[in-house]
Every structure is written in structure tokens, then in C-alpha cells.
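This report refers to the structure that appears directly beneath it.
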Amino acid sequence: MAGKKILIVGIANDKSIAYGCAKQLKAQGAELAITYLNAKAEPYVRPLAEALEADIFLPLDVTVPAQMDAVFAAIAEQWGELHGLVHSLAFCPLDDLHAPISACSRDGFLQAMDVSCYSFIDLAARARVLMKNGGSMINFSYLGSALATGDYNIMGCAKAALEASTRYLARDLGSEHIRVNCISPGTIPTRAAGGIKDFDAMLEYNQHRAVDGLLPTIEEVGNAALYFLSDLSKGVTGSIHYVDHGVNIIG
């Protein structure tokens, strides 16, 4: 990854999947641009960005166009190019996340789709301009996109949309030698996952279903990210790649 310039969006703390990716990428020589959501998140993310020697560290709420503009302007000015994009974002108001899908509000549905899916499309559109010699983009899904599992509810719809966007973006950007892939980790106790109802029960259930009785780690997901963002995966695009210790193969 030496010389590769990667934008990472979605680190909240040292338990974040995006942080696991950042660590593995940095260990292999990548140069990093890291964003944080807001002033409340900054104290948790800044020490991580400093430890990773991030070249660029800026706030980014993907629903605020001016902040999106500022991040990509900074990348264009400081780096002049981009080789990789890591999108690790998802959001849904708790009332809608915990409700059965038949009770999800219109506003909750739109927010879930906006942050969890459309933001990747928007980031991809901006990143492609800087990927002058090709590149790689990844996002993160969950098995609840394909199966009605646990209390994932409306987020299952949002992740299904994200996976479909991955395939269509892969087709759209293929002629520019830009690859787009999705990693689908198993249950990991991240900050975002803590908002899911009965998440501890989901952890236990998934560990029981895993073929080796283990749950994935952010480092294992980071290894998968390293593969997709490196030249090792040059022939792979539009894929959904599971890192869940085999849970997805158990009926």
C-alpha cells in the first residue's frame, strides 16, 4: 500500500470497523485521510488519527454538502489524487430502528437510506474525479440485508440498497478502472451496533452459528479491506464479501 492515498469515513472510536481498516492499511504503508462526525466525536477520533499519522483530519457530516466539498477540496489540494475510499457509515433514528418495519416512519426511512446508502453514492461520485489512474471503493453491509435476521428491521432495507448500489457503481465506474466492493462482517460490538435492540442476543446467536464458534474482529475485517484496496484484488469488483466465520452459509 506504499504511496496509496486512502480516505476513511466512519471512525467513531477504537472499536470501529473503520479503525480496524485504518490500522491495517497504515501498517502496510498507506497514507490516510480521516474524518470525524462532529465536535462530540472529535476527542475520540483525533488521538487515533494522530497515532495513524493521518495527513488530513477533517469533520464530515455526509448530510452537509459544504463539509463534503471541504473534505474533497483538501484532498485535491494536499494530495491531488485518491486511490481508495472506505465508507463505514450507517444511521437510523432509534425509534424507527427498534420498531417493526411496518411501523417505521417516512422520516426514519429516508434518514436511514440517506446516511447508510446515498452517502456512499455521493462519496463515490466525488472520489472518482480524483481517481485519475483507477482506484478502489469499499463499504460495509450485514447479513440482515439478505435475510430477515434479528431486530435489524429498516437497516436491512438500507443495507440491501447499499449492496445494490455497490453492483451498479461497479458497472458504472469499471471503464475508469475503479473497483467497488462490499464487505459484510458478522456481528461485532461496535458503538453503532450498540443501538440495535437485543444486540447481545445477536452476538450469542451468531457465535453459535459460526462454523468455528468465533466472532469476527475489526482486525479481520481490516485484512479484507486491505485486500480490496490493494492491487491484489484488481480483478474483483461488484462483490459482497463475508467476514463472519461462515454464519452466512448456515441456513
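Using a ≥ b ≥ c from the Cα gyration tensor of region 1-85 (square roots of the eigenvalues), is it rounded, prolate or oblate, where a/c under 1.5 gives rounded and otherwise the larger of a/b and b/c decides, a/b for prolate? In terms of gyration-tensor shape, oblate. Extension gain for Glu77 to Asn133 (0.36 nm times residue separation, less C-alpha to C-alpha distance): 18.4 nm. Just want the answer: with Cβ charges of +1 for Lys and Arg and -1 for Asp and Glu, which residue in His177, Ala224, Phe199 is farthest toward the dipole's positive end in the chain? The one lying farthest along the dipole's positive direction is His177. Counting only residues at least eight positions apart within a chain, or on another chain, the lysines with an alpha carbon under 21 Å from that of Lys15 are Lys23, Lys26, Lys40, Lys159, Lys197. Lys and Arg at +1, Asp and Glu at -1: add these up for the other residues within a Cβ distance under 13 Å of Leu60 and post the number. Net of charged neighbours comes to -3.
About its Cα centre, the dipole of region 99-247 is roughly 540 debye, where the only charges are +1 on Lys and Arg Cβ and -1 on Asp and Glu Cβ. Amide H to amide H under 5 Å from Arg179: which residues, 5+ apart in sequence or cross-chain, H placed 1.01 Å off N in plane? The answer is Gly135, Ser136, Met137. Rounded if a/c is under 1.5, else prolate if a/b is larger than b/c, else oblate: which is region 33-183, with a ≥ b ≥ c the root eigenvalues of its Cα gyration tensor? It is oblate, given that a/c is not under 1.5 and a/b is not larger than b/c.
Dividing the summed helix terms, -39500 (n - 2.57) for each DSSP H run of n ≥ 4, by the number of residues in the chain produces a 222 nm estimate of -12500 deg cm²/dmol to the nearest 500. Each Lys and Arg adds +1 at its Cβ and each Asp and Glu adds -1 at its Cβ; summed about the Cα centre, the chain shows a dipole of about 480 debye.
Counting only residues at least eight positions apart within a chain, or on another chain, the lysines with an alpha carbon under 18 Å from that of Lys234 are Lys4, Lys5, Lys132. In the chain the longest region clear of GluC sites (Glu not before Pro) that are loop-assigned by DSSP and have at most 15 other C-beta atoms within 10 Å covers 82-251. Think of the chain as a dipole: +1 on every Lys or Arg Cβ, -1 on every Asp or Glu Cβ, centred on the Cα centre; then among Ala99, Val71, Met1, Met1 lies furthest on the positive end.
Were the residues from Gln28 through Asn248 laid out at 0.36 nm apart, the gain over their Cα-Cα distance would be 76.3 nm.
Bear in mind these aren't lab numbers, they're just calculated from the coordinates by the rules spelled out. Note that the coordinates shown come from a computational prediction; the quantities given were computed from them, not determined experimentally. Methodologically, a virtual Cβ is constructed for each residue, glycine included, from the backbone with ideal geometry; neighbour enumeration extends over all protein chains shown.
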